[in-house]
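Heads up: the structure comes next, in structure tokens.
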Amino acid sequence: MKPESPINALPPLIIVLTLLIVGIEAVFQLANQGIVGGPRGVGWRISAIEQYGFSSAVLDRVLINNDYSFDMLRRFVTYPFINGQLTQVAFCAALTLALGKFTAEYYGSLKVLALYLVSSICGAIVFGLIVESRVPLYGGFTPVYGLIGAYTYALWLRLGKAGENQLLAFRLIGFLLLIQLIFGLFFGTGSQWIAELVGFATGFILSTVLAPGGWASLLKRIRQRS
């Protein structure tokens, strides 16, 4: 019997998301080496952040100036694909593959796509409301934290059915936050953690409806309380 390829086992959506993350970074790396883009290639990453990144200024343009142009609205979902460094790309790609495979198999690919996009959007909105400066928001961790939220909820349900301590479902997010805290103590940290935590909360809350039987369960609880 021919062994199943681990790549073929991945849902197509997760492969596409990962290729976008890795592929865009590959272009930046080639540009930095002067292989593509010529002398201007060195500035491609900065240019991409300016054109596809998010900031509070973008939110102001949308909410205050009523600028609903494609250039403004696309930034709510394009900033996760522009990363700042190679290590960030490696972590984002690895977590997207691992968590994406599980969540896509559990929730379904279309629901995971919704989780990914809504987590990105909600993270950007809260970031824009809280962070007053023009510091840009970019990098794939916000929707990845959304996938972590979906994974946590699925594990929370499974632990509950097994009669085990459901708080154990939060070990992954706790571990990641601890690593982030330690990293911040040594190297400093920006404001992007705000978007990441909102991404996690969005993924977890949205999963209560998107999980198998989640909508029916929610309606049942509403009827019981009414």
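The values are calculated or read from the model by the stated rules, or taken from the named source; none is laboratory data. Since we're looking at a predicted model, the values are computed, not measured. Reconstructed Cβ throughout: ideal geometry from the backbone, glycine too, with neighbour counts over all protein chains shown. To get the accessible areas, we keep the full protein, side chains included, count just its heavy atoms, and leave off ligands, DNA and RNA. Shrake-Rupley method; radii C 1.70, N 1.55, O 1.52, S 1.80 Å.
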Q.
Given the options 182, 148, name the one that is assigned to a helix (DSSP H, G or I) and either surrounded by fewer than 18 Cβ atoms within 10 Å (Cβ to Cβ) or at pLDDT below 85 (or both).
A. 182
Q. Can you tell me which of 102, 127 is assigned to a helix (DSSP H, G or I) and open to solvent by less than 40 Å² (accessible area, probe 1.4 Å)?
A. 127
Q: Could you list, in sequence order, all residues of the range 105-123 that are of a type outside the set (Gly, Ala, Ser) and open to solvent by less than 20 Å² (accessible area, probe 1.4 Å)?
A: 107, 112, 115, 116
Q | the range 66-95, subset of a type in the set (S, T, N, Q) and either surrounded by fewer than 15 Cβ atoms within 10 Å (Cβ to Cβ) or at pLDDT 95 or above (or both), residue nearest to the chain's Cα centre (by Cα) | A | 78
